[in-house]
Amino acid sequence: DAPLWHRIIPEVFAETVAKFGDRDAAVFTEQGERWSWKELGAKVDALAAGLLALGLQKGDRIGIWSPNRPEWLLIQFASARAGLVLVNINPAYRLTELEYALNKVGCRALLSAEAFKSSDYLGMIRELAPELGQATPGDLHAARLPELRMVIATGEAQHPGMLRFVDVMAMGEGADLTALGAVTASLAPDDAINIQFTSGTTGTPKGATLSHVNILNNGRFTVERLHFSENDRLCIPVPLYHCFGMVMGTLGSVTTGATMVFPSEGFEPASTLQAITDEHCTTVYGVPTMFAAMIDHPDFESTDTSSLRTGIMAGSPCPIELMKRVVADMGVAEVTIAYGMTETSPVSFQSHTDDPIDRRVTTVGRVHPHVEVKIADPETGATMPIGEAGEILTGGYSVMLGYWGDPENTAASIDADGFMHSGDLGTIDAQGYANIVGRVKDMVVRGGENVYPREIEEYLYRHPAVAMVQAFGVPDEKMGEEIAVWLVLREGQTATPEEIIDFC
């Protein structure tokens, strides 16, 4: 019943800043930063004006290569304000992947953290562009990165050939915002605003190109299922370079005025638990392994999670037993499951907070508003009957604009009817609840029988010694394919292959 928004991100952001000015907008517990919506709005305007002062123009691509830091949040909304296309670069990328991503989409600027864990980001950039040593900051000409003109580094240090983030901010502080306002006014809801690289099972990463309409509505409808308001405080331990962080997290919060809490640069169970306690978070996001790590952490028993009301577990199949522990042990009574893919902005299915618990632990919920889905025969494309497995296809506003500069892969993924092919196998029952049963390519055909790895995995998660499971097919002369399983055991637990087989 809620109409689709045909709006741009800066417009909605400005409304939220005006409406909730003095309330907490963002808290970065590791860095000790806390901003109200008014403060966040001023910082975003200053950075956006600074980016324009550097000569960046509407439609230029700007890369962000950083873990979850305050600069990430600022660049997300400043780039949108200035009409730049934000390119999310995985913090785990190495040289070849970084070079490929920057060149594939023609990044004109790159905002980079100095380092994270074992990654020396600036060192890798210097390796790709040794010309930085002699370059004037903002006017780079590098043989291996022909489109890149500027590298903006976070931190206080001055690096040869690079601009400092704080200086770019300073360029825009107190600046006349007339030119910036004109750029923002010229933006259209269907303009490309974000590129996220997705890795398939083969080949190079593909740049899923998303619009304001795509990600703004998806963030909004995701938190709507959680009954979000400005009184919610969302703990975001998931990475910002991924849709989970920057769409379901930050954009969802912007559409409602909820507070964003970032526990650490990368996920750490202890810091996440601490942030939930200290900031009285009402909501927490995570992939299944994150929730498992928090519940199994030594600090869990002494953590006060009583403020938690709801959350989302998504990103990979959610084991039923783990879902039950999140409800019972963490007290997240209204936790929901979400399913989707980057190419669909990302959420297609999500459970409701008041769905019966058995539905929330055994399915991925029902279809999102304004989204169309179908279950199709992977071979013929024919729509499957209710309850029968087939490939999940998604249509509607959330389908990406395409893969940047890659019409071939775009055409192979989005069919003539506008449906995005997920590669996932699923069923939808008579009540509209979806269940993911495997991958089209992962389905094991054993002696002529279709076997879905997910079913085996779910069963093995019931074993008390098992922490993680992956089932897969291996070639077999007699059966065509046989079933193999990798297991990771819980700390301090033991099990033999024979015990596991007996359990089955």
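The values are calculated or read from the model by the stated rules, or taken from the named source; none is laboratory data. Computed from a predicted structure; not experimentally measured. Positions of Cβ are generated from backbone atoms using ideal geometry, with glycine treated the same way; all protein chains shown enter the neighbour counts. Calculation scope for accessible area: heavy atoms of the full protein, side chains included, ligands and nucleic acids excluded. Shrake-Rupley method; radii C 1.70, N 1.55, O 1.52, S 1.80 Å.
Near residue 214, within a Cβ-to-Cβ distance under 11 Å, what is the net charge of the other residues, with Lys and Arg +1 and Asp and Glu -1?
-3
With a 1.4 Å probe and all protein chains left in place, how much accessible area per residue does the stretch 248-387 have, in Å²?
Each residue of the stretch 248-387 exposes 35 Å² on average to a 1.4 Å probe.
What is the set of long-range amide H partners of residue 194 at a cut-off below 5 Å, with H atoms built 1.01 Å from backbone N?
86, 210
So in the chain, which Cys have no other cysteine's beta-carbon sitting under 4.7 angstrom from theirs?
107, 243, 318, 504
Report, to the nearest whole %, how much of the accessible area of the stretch 370-504 belongs to carbon and sulfur atoms, 1.4 Å probe, protein only.
It is 51 percent, rounded to a whole number.
Quick check on my link table: of 43/324; 441/478; 38/104; 58/374; 206/324, which ones sit more than 32 Å apart, alpha carbon to alpha carbon?
Over 32 Å Cα-Cα: 43/324; 38/104; 58/374; 206/324.
Per residue, how big is the convex hull of the chain when only Cα atoms are used? Give it in Å³.
Looking at the chain, the number lands at 160 Å³ per residue.
Considering only C-alpha atoms, what is the centroid distance from the stretch 95-148 to the stretch 355-409, in Å?
Distance between centres, Cα-based: 37 Å.
Work out, step by step, the length gained on full extension between residue 141 and residue 270: first 0.36 nm times the residue separation, then minus their alpha carbon distance; give nm to one decimal.
Net length gain for the segment: 42.1 nm.
Taking R0 as 60 Å, what FRET efficiency do you get between residue 490 and residue 178 from their Cβ-Cβ distance, rounded to the nearest 0.05?
Using R0 = 60 Å, I get an efficiency of 0.50.
Under the Karplus relation 6.51 cos²θ - 1.76 cosθ + 1.60, θ = phi - 60°, what is the ordered set of whole-Hz ³J(HN,Hα) values for the stretch 91-108, x standing for Gly and Pro?
x, 8, 4, 10, 3, 5, 6, 4, 4, 4, 4, 4, 7, 4, 9, x, 4, 8
Note the angle between two axes, namely the Cα long axis of helix 269-278 and the longest principal axis of the Cα atoms of the chain, as a number of degrees from 0 to 90, rounded to the nearest 10.
Long axis of 269-278 versus the principal axis of the chain: about 70 degrees.
What does the charge count around residue 479 come to, taking other residues whose C-beta lies under 12 Å from its C-beta (Lys +1, Arg +1, Asp -1, Glu -1)?
With Lys, Arg at +1 and Asp, Glu at -1, the net is -3.
Over the chain, calculate the relative contact order: mean separation of alpha carbon pairs under 8 Å at least 6 apart, over the residue count, as a percent.
Reported as a whole number, the value is 11 percent.
Where does the chain land at 222 nm, in deg cm²/dmol rounded to the nearest 500, when only DSSP H runs of n ≥ 4 count, each adding -39500 (n - 2.57), divided by all residues?
Rounded to the nearest 500, it is -8000 deg cm²/dmol.
Once phi is turned into ³J(HN,Hα) by the Karplus curve 6.51 cos²θ - 1.76 cosθ + 1.60 with θ = phi - 60°, what whole-Hz value does each residue of the stretch 70-77 show in order, with x for glycine and proline?
So the Karplus estimates, Gly and Pro as x, are x, 4, 4, 4, 5, 5, 4, 8 Hz.
How much FRET efficiency would the formula 1/(1 + (r/R0)^6) give for residue 278 and residue 462, where r is the Cβ-Cβ distance and R0 is 35 Å, rounded to 0.05?
Efficiency, rounded to the nearest 0.05: 0.50.
Using the alpha-carbon atoms, what tilt in degrees (0 to 90, nearest 10) does helix 9-19 show relative to the longest principal axis of the chain?
80 degrees
On the protein heavy atoms, probe 1.4 angstrom, tell me the percent of accessible surface of the stretch 158-299 carried by carbon and sulfur.
Heavy-atom surface of the stretch 158-299 belonging to carbon and sulfur, 1.4 Å probe: 55 percent.
Using modelled backbone amide H atoms (1.01 Å from N, in-plane), which distant-in-sequence or interchain residues come within less than 5 Å of residue 240's amide H?
Amide H neighbours of residue 240: 68.
Tally the DSSP beta bridges in the chain and give the antiparallel ones as a percent, rounded to 5.
60 percent
Return the whole-Å distance between the Cα centroid of the stretch 274-324 and the Cα centroid of the stretch 481-504.
Each part's Cα centre sits 26 Å from the other's.
Could you state the accessible area per residue of the stretch 24-100 in Å², with a 1.4 Å probe and every protein chain left in place?
Per residue, the stretch 24-100 has 29 Å² of solvent-accessible surface.
Under 14 Å from a point 7 Å along the Cα-to-Cβ line of residue 185: which residues of the stretch 41-56 have their amide N that close?
none
May I ask you to give the solvent-accessible area per residue for the stretch 120-211, in square angstrom, as obtained with a 1.4 angstrom probe?
It amounts to 45 Å² per residue over the stretch 120-211.
As I understand it, the value is the acute angle between the Cα axis of helix 212-224 and the longest principal axis of the Cα atoms of the chain; what does it come to in degrees, rounded to 10?
Orientation of helix 212-224: about 50 degrees from the principal axis.
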